[in-house]
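*Asks:* Take this structure first; my questions come after.
The values are calculated or read from the model by the stated rules, or taken from the named source; none is laboratory data. As the structure is a prediction and not an experimental result, all values here were calculated from the model. All Cβ positions, glycine included, derive from the backbone under ideal geometry; neighbour counts span all protein chains shown. The area values use the complete protein model at the heavy-atom level, side chains included, leaving out ligands, DNA and RNA. Shrake-Rupley method; radii C 1.70, N 1.55, O 1.52, S 1.80 Å.
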Amino acid sequence: MVTLSWSGLKEIAWRELNQAKYLVYHQGQPLGTKAADVPSDSSSVNYDQCFIRDFFPVALIYLIRNQEIAGHDGETVSSRQVVGNFLATILHLQITPERSKYMERSPGMMPASFKVEGDILKPDYGERAIAQVTPVDSCLWWLILLQAYYLACTQDQTEMHPDLFDGKEPQPKLRRGIRLILSLYLSNRFDAEPMIMVPDGACMIDRRMGLNGYPLEIQTLFFAGLQVARDFLKSDEPYQIRIRHRLRRLQRQICEDYWLDLRRLRMLYQAQSEQYDPPPGIDAEDYFFNKYNLYPESIPYEHLIQWLPEKAGYLVGNLGPSHLDCRFFAIGNLMGVIGNLLPKAQARSILDLIYLRHADLLGEMPMKVCYPAIQGLEWQLVTGCDPKNKPWSYHNGGSWPMLVWMLAAATLKVKHPSLTEQLREDIVKAGHRLIHDRWPEYYDGGNGRLIGRMARRYQTWSIAGILLAQEFLDCPQTLDLIHFGDPYP
Ligand code: GLC
C-alpha cells in the first residue's frame, strides 16, 4: 500500500465529496447531500435521502471551503448557497400550527430527512423511519447549523439566503420558526424540568438502545440549541427569561448528576438508598446524594473501578429513577465539551479519558459511538434482540468515522496536545482504510477492525467527518463557526 500523507488524504476526501452525485436537487436548486451514494432501489432503505444530522458536517465543510462545487449537468454551485438552501428548506418543512391540524406531529418539529420525488419534497418526521422513531435532535442540529451559517456569512451578507436573513437581521419567519421550536422544547410535560424527556431512538442512535428518558446526547444538544435560539431572538422576547433559567438548571444538573469519576463512584458505592425525606435542618441537596435512588447492584462497579483512570471522568449516558446508564456515549460527551456546557476541568477530564483509554474508545477506527457493548440477556432486553445492534456492531459498540470531527473539535477546544498529536496519526491511518474500503458508514468489532456488516459505502458523513477534522486541525480558527459564548451573557 502506498503511504498516504495528511494533505494527500485531505485532497482525496474532498475530491470524493465534491461530486454532483451526492447532491439532492429540487426545482433546479441543490438543497443538501444524500446520506450515501446507494443504488436507488429498495435495498437502499432511506440512505438516498438528505438527513439533517448527516448533512451537518458536510455543511460545515461547505461553509469553511466556500467555493464553487460540482453541481448537476456540469454546472457549478456555491457551496455556501447549498447550506442556505438547506436551512431555508428545513424551515419551510417545519410543522406549523396550521399544518399540524392535518398531521399527527407537533408544531415546531423538523424532519429527520427529506427526499425529492419528481417535483415534490417528501419530509420524514419519523412516520416512514424504521420503528417510527421521532427525530428530537433535528431542530437542535438545525439551530447549531444556523448559527454557523450566520457566522460564516457575516463578512459578505449578500450571500445570506433571503428567506433567513435580511442583511444581519433574522427574517420574521425565521424568528417564528425558532419560537415554534421553543414552544415545543420548553412545553410543560409530566416530568420535572430541566431535562427533556424523549422516547428511545430520538437521536443519532435511532434504534432501541436504552435511550428513552433523558439520554445525554439530547440534553447536550438541547443546551447548545437553546444558546443559539437565545442569540437569534430579540432581547425583549418573552422566551428569553425561560431560556436563561433553563440553561442554568440544565447545566447544573448535567455537570453534577451525570458526572462519573472514581470519586463519585466511591460515593455512590456507599450511598444509602430508599431515602424519603431529609431530617429537619439538613439540606436536601446533601442528604439526597442518591436522589435517583440507585441500587449498587445496578452499577457495573467491577468494570468501572478497573476501567476508570484515577484522574479522568465522563458524563453517563442516561439517568432516571433507579437508573444510571454508565455506558460512555461519544456524541453526548463531545457535545458537552463543544457546546460550552462543561467547566474546563470536566471537559479536560473527558479528553484525558479518551486519550488514556484510546484502545477501547478509538481503537483502529476512531471512534466508538458507545462503549462498552451490551451483551447477552441485557442486549436481548434493551434492544429487543436487534440483530443489527448485536454486540460490538453498529450503535452497540460500533465505530463511526463521522465522529472524528467532534473529537477533533473537542480536543482543540480543550487544548489537549497529546491527543491532538495522536489524532493526527489516527486520522491518516483510518483514512487509508476508509479510502480502501470505500468510505463505510461504520466498523464492527471491539477494536473497529471489521467493516460494518450492514454498512453502506460512500457515506457522506464518513467522508465529511474525517475531512472536517482535518480542516479544524489545520486551521483551528475555523472552529469559531461552532463557538458558543458565555452561556449566560
Ligand atoms: C442510521 C444512523 C442515523 C443516520 C442514518 C443515515 O440510521 O443511525 O443516525 O442519520 O443512518 O445515515
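*Asks:* So which of 234/344; 344/413; 34/122 end up more than 19 Å apart by C-alpha?
*Replies:* On the way: 234/344 30 Å; 344/413 10 Å; 34/122 14 Å.
From the list (234/344; 344/413; 34/122), the Cα-Cα distance tops 19 Å for 234/344.
*Asks:* For the stretch 95-219, divide the Cα radius of gyration by the Kirkwood radius and give the resulting Rg/Rh value with two decimals. Write down the numbers at each step before the final one.
*Replies:* Values: Rg = 16.1 Å, Rh = 16.2 Å.
That ratio equals 1.00.
*Asks:* To continue, here is another question. Counting residues in the stretch 168-251 as N, plug N into 2.2 N^0.38 Å and put the Cα Rg over that result.
*Replies:* Values: Rg = 13.8 Å, N = 84, 2.2 N^0.38 = 11.8 Å.
It is 1.17.
*Asks:* A further question on this structure: Please report the Cα spread of the chain along all three principal axes, rounded to whole Å, starting with the longest.
*Replies:* Over the chain, Cα extents along the principal axes are 72, 59, 42 Å.
*Asks:* So how much slack lies between residue 359 and residue 157, counting 0.36 nm per residue of separation and subtracting their Cα-Cα distance, in nm? All intermediate terms of the calculation are to be shown ahead of the outcome.
*Replies:* Working: separation 202, 0.36 × 202 = 72.72 nm, distance 4.57 nm.
So the extension gain works out to 68.1 nm.
*Asks:* For a bin width of 5 Å, list the pair-distance distribution of the stretch 1-113 built from all Cα-Cα distances, rounded to whole %.
*Replies:* Bins of 5 Å from zero give 2, 11, 17, 20, 17, 14, 9, 5, 2, 1, 1, 0 percent of pairs.
*Asks:* Give me the one-decimal nm value for the distance between modelled label points at residue 253 and residue 293, 7 Å along each residue's Cα-to-Cβ direction.
*Replies:* 1.8 nm
*Asks:* Oh, and also: Report the label-to-label distance for residue 100 and residue 21 in nanometres (one decimal), using points 7 Å from each Cα along the Cα→Cβ vector.
*Replies:* 4.2 nm
*Asks:* Quick one: work out Rg over Rh on the C-alpha atoms of the stretch 196-305, Rh as Kirkwood radius.
*Replies:* Values: Rg = 17.5 Å, Rh = 16.7 Å.
Value, to two decimals: 1.05.
*Asks:* Using 0.36 nm times the number of residues separating residue 190 and residue 480, minus their current alpha carbon distance, what extension gain do you get? Walk me through the intermediate numbers first.
*Replies:* Numbers: separation 290, 0.36 × 290 = 104.40 nm, distance 3.77 nm.
Separation in residues times 0.36 nm, less the Cα-Cα distance, equals 100.6 nm.
*Asks:* Report the extension gain between residue 282 and residue 7 in nm, rounded to one decimal, defined as 0.36 nm multiplied by the number of residues separating them, less their alpha carbon distance. Working shown, then result.
*Replies:* On the way: separation 275, 0.36 × 275 = 99.00 nm, distance 6.08 nm.
Stretched fully, the residue 282-residue 7 segment lengthens by 92.9 nm.
*Asks:* Hey, how much of the P(r) for the stretch 342-489 falls beyond 21 Å, as a percent of Cα pairs? Kindly include the intermediate steps, with their values, before the conclusion.
*Replies:* Details: 5042 of 10878 pairs.
Here the tail beyond 21 Å accounts for 46 percent of pairs.
*Asks:* Measuring from a point 7 Å past the Cα of residue 323 along Cα-to-C-beta, which residues in the stretch 175-210 have an amide N at less than 19 Å?
*Replies:* Only 189-210 fall inside the zone, counting backbone N under 19 Å.
*Asks:* Something else: Cα to Cα, under 16 Å, and not fewer than 8 places away if on the same chain: which aspartates and glutamates meet these conditions relative to residue 168?
*Replies:* Result set, ordered by chain and number: 156, 159, 231.
*Asks:* Tell me the label-point distance for the pair residue 242, residue 304, using the 7 Å Cα-to-Cβ offset, in nm and rounded to one decimal.
*Replies:* Label-label distance for residue 242 and residue 304, simple model: 3.5 nm.
*Asks:* Can you give me the accessible area per residue for the chain, using a 1.4 Å probe, in Å²?
*Replies:* Values: 20330 Å² over 489 residues.
On a per-residue basis, 42 Å².
*Asks:* Report the calculated FRET efficiency for residue 128 and residue 183 (r = Cβ-Cβ distance, R0 = 22 Å), to the nearest 0.05.
*Replies:* Details: r = 25 Å, r/R0 = 1.14.
Here the calculated transfer efficiency is 0.30.
*Asks:* Right, here's the next one. What is the packing order of peptides 52-61, 477-486, 21-30, taking the mean over residues of other C-beta atoms within 10 Å and listing the highest first? The partial results should precede the final answer.
*Replies:* Details: 52-61: 25.5, 477-486: 14.3, 21-30: 16.6.
So the peptides 52-61, 477-486, 21-30, ranked by packing, come out 52-61, 21-30, 477-486.
*Asks:* Could you compute the longest span of the chain free of GluC sites (Glu not before Pro) located in DSSP loops and having at most 14 other Cβ atoms within 10 Å, not counting the site residues?
*Replies:* Free of exposed loop sites, the longest segment is 311-489.
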